[in-house]
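Here's the structure we're looking at; comments come further down.
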Amino acid sequence: MAKTFKTPQDYLESIQDGRIVYADGEKITNVVEHPITRKGALAFAREYERFHDPELKKIFTTTDPETGDPVDLFLVPPRNADDLLRRARALEYGRDIGYGSSLALSDAILSLYMVSSELAEANPMYKENVDAMYKRFRQEDLIMAIAMSDTKGDRSLHPGQQKDPDMYVRKVAERDDGIVLRGMKAHITGAAFMHELVVMPTKRMKPDESDYSVTCLISPGTPGVKLIMRPRRMTGSQFEYPISYGDVGGECFVWLDDVFVPWERVIQNGEDWLSQPIARGLGLLLRFSALCTQKHYAEVMAGAGYLLAKYNGVDKAPHVQSYLFEMAMLASTLDAFVTSAALSSEIKDNMAIPNGVITNVGKYMFTDKLNQMYKYLIDIGGAIITTQPWETDYNNPELHDTFTKYLSGGDRATAEQRLRLYNFVRDLTADEYGGHFMVTELHGAGSPQAQKMMTLHGYDFEKAAEKVRRLAKIEE
């Protein structure tokens with residue numbers, strides 16, 4: 001029988017599994033019905049429309065290599081550069097139409113597929129489990145959260161040296177039918193709304209820390225799993241918060257309170273050497289996905305800067321021209337990085353892997369420039385970005401005509417056009433969402449230091465040095 005995709009309603013029903021979520025001081029047992037979490041559930045449900053709209057299906061689905069049925073594009077390994085570029089354009093378009101993070105989070109299961117040979121070498125069961133999981137995700141249209149970051153305690157100490165051994169998630173028992181995990185994962189995107197949590201070690205452990213070297217799948221509804229979610233606290237209208245309106249946030253601390261995991265869900269159990277290829281693979285794929293969405297954000301900032309300059313009548317000012325050049329350069333460069341990383345990909349186990357150095361440099365460039373882009377937007381826009389009247393005052397019958405007159409940009413823009421743009425830029429750069437965005441872009445998919453390390457590891461300095469030896473006629 002041909003596969004049928006989940007509908008938004010199917011998704012909402014599928015996450016009513018008794019999962020326990022704490023948010024804003026309340027204990028929530030139904031994330032679909034509770035007012036704190038309902039908007040988040042509906043936002044993820046909306047993304048299932050891509051499987052039923054004929055035009056969106058062309059962008060977001062592909063053919064299952066095993067069954068020939070249409071499946072989620074992001075749950076089929078890319079086989080070549082064209083596949084990588086198709087994923088990249090779909091990720092970017094997803095951001096354009098307001099989709100969230102679930103598209104890229106499939107990188108978790110993809111990264112495990114990417115190290116299939118290493119998993120099989122460690123234990124054939126691990127590869128069999130990954131293959132079965134991958135098939136199930138495709139058939140059931142499941143979405144996942146990446147539970148990788150630990151709370152870490154004293155970061156100068158290894159996991160096994162911590163005063164409290166639970167500062168990193170660890171195995172506390174092994175049974176005939178599986179293992180038991182204890183610990184907490186931190187800032188896990190979308191965990192309260194996912195079908196599965198892909199639990200991974202945050203780094204390679206030492207040989208005597210095998211209990212911390214565990215990778216597995218855990219359902220959020222599993223006994224002992226407790227999700228502590230930080231919802232947004234912004235209030236206001238869509239006019240005032242054009243970007244973040246309806247965005248409830250959703251990063252969670254994932255508390256694993258002696259959670260049992262059966263063997264068919266285990267992908268690593270004590271092999272410390274496996275942590276490195278798993279972490280590297282996931283980091284690379286997440287950074288490539290981040291690079292694709294950051295291209296979207298760079299273009300948004302360039303567009304906002306351009307409109308601010310035009311609406312304020314400063315588009316010909318030399319310093320503003322310089323700002324706009326920097327914005328255009330960043331957006332264009334990120335586009336080039338995405339394309340180049342895909343075109344120079346390598347094939348491993350019949351999967352196309354984006355170029356690591358190019359991907360890491362591109363991701364680093366965006367996070368390194370983001371604060372500067374914010375500065376440019378705020379400088380072009382002026383103080384009114386954070387001092388403009390709220391919508392209630394702008395629409396007050398006693399004030400509306402006055403604001404319409406005094407906040408006009410003359411022939412360049414109406415007061416409403418300018419206020420909408422100012423609100424957009426404030427939401428992006430100078431309010432709760434903007435601050436949150438800066439932090440998550442800096443640390444999401446690995447910190448800038450991680451990108452530096454991977455670039456230094458992957459760049460062929462010896463090849464570059466050989467050029468110098470030849471040009472300088474140095475004999476060694």
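Each value in this text was obtained by applying a stated rule to the coordinates, not by laboratory testing. For clarity, every value in this text was computed on a predicted model and none was experimentally measured. Glycine gets a Cβ as well: all are built from the backbone with ideal geometry, and neighbour counts include every protein chain shown.
Going toward the positive end of the dipole of the chain, with +1 on Lys and Arg Cβ and -1 on Asp and Glu Cβ, which of 214, 304, 144 do you reach last?
304
Rounding to the nearest 10 and keeping the result within 0 to 90°, find how far the Cα-based axis of helix 318-343 lies from the longest principal axis of the chain.
Approximately 30 degrees, to the nearest ten.
Chymotrypsin sites (Phe, Trp or Tyr not before Pro) within the stretch 297-402: which are DSSP loop residues with at most 14 other Cβ atoms inside 10 Å?
Hits after loop and neighbour filter: 390.
Calculate I(q)/I(0) for the chain by the Debye formula, one identical point scatterer on each C-alpha and no solvent, and give its log10 at q = 0.09 Å⁻¹ to two decimals.
-0.67
Can you give the local net charge around residue 191? Use residues other than it whose beta-carbon is closer than 14 angstrom to its beta-carbon, Lys and Arg +1, Asp and Glu -1.
+1
Assign one of three labels to the stretch 1-133, namely rounded, prolate or oblate, based on the Cα gyration tensor with a ≥ b ≥ c the square roots of its eigenvalues; rounded applies when a/c is under 1.5, prolate when it is not and a/b is larger than b/c, and oblate otherwise.
Because a/c hits 1.5 or more and a/b fails to exceed b/c, the stretch 1-133 counts as oblate.
Restricting to Cα pairs below 8 Å that are 6+ residues apart, what does the relative contact order work out to for the stretch 275-466? Please round to a whole percent.
26
What is the dipole size for the stretch 12-58, taken about its Cα centre, with +1 at each Lys and Arg Cβ and -1 at each Asp and Glu Cβ, in debye to the nearest 20?
100
Against the longest alpha carbon principal axis of the chain, how many degrees, from 0 to 90 and to the nearest 10, is the axis of helix 356-381 turned?
20
Would you mind checking the tilt of helix 35-46 against the longest principal axis of the Cα atoms of the chain, expressed as 0 to 90 degrees and rounded to 10?
Tilt relative to the chain: about 80 degrees.
Relative contact order of the chain, please, whole-number percent, based on alpha carbon pairs below 8 angstrom and at least 6 residues apart.
Computed value for the chain: 15 percent relative contact order.
Through the Karplus equation 6.51 cos²θ - 1.76 cosθ + 1.60, θ set to phi - 60°, convert the phi angles of the stretch 286-294 into ³J(HN,Hα) values in whole Hz; use x for Gly and Pro.
5, 6, 5, 5, 4, 4, 5, 6, 5
Is there a quick way to get the dipole size of the chain? I mean about its Cα centre, with the Cβ of Lys and Arg at +1 and of Asp and Glu at -1; what is the value in debye to the nearest 20?
That gives a dipole near 980 debye.
Could you list the chymotrypsin sites (Phe, Trp or Tyr not before Pro) in the stretch 405-460 that lie in coil according to DSSP, counting only those with at most 16 other Cβ atoms within 10 Å of their Cβ?
Sites meeting the loop and neighbour criteria: 459.
Give me, ordered by chain and number, the residues 5 or more places off residue 145 or on other chains with an amide H under 5 Å from its own placed amide H.
Under 5 Å from the amide H of residue 145 lie the amide H atoms of 196, 197, 198, each far enough along the sequence or on another chain.
Hey, what did the stretch 145-187 get for relative contact order, percent, Cα under 8 Å, at least 6 apart?
Taking the mean separation of contacting Cα pairs over the length of the stretch 145-187, I get 42 percent.
Calculate the length of the line joining the C-alpha centroid of the stretch 306-334 to that of the stretch 241-294, in whole Å.
Cα centroid to Cα centroid, the span is 36 Å.
For the stretch 433-455 and the stretch 75-100, what is the separation of their Cα centres, given in Å?
21
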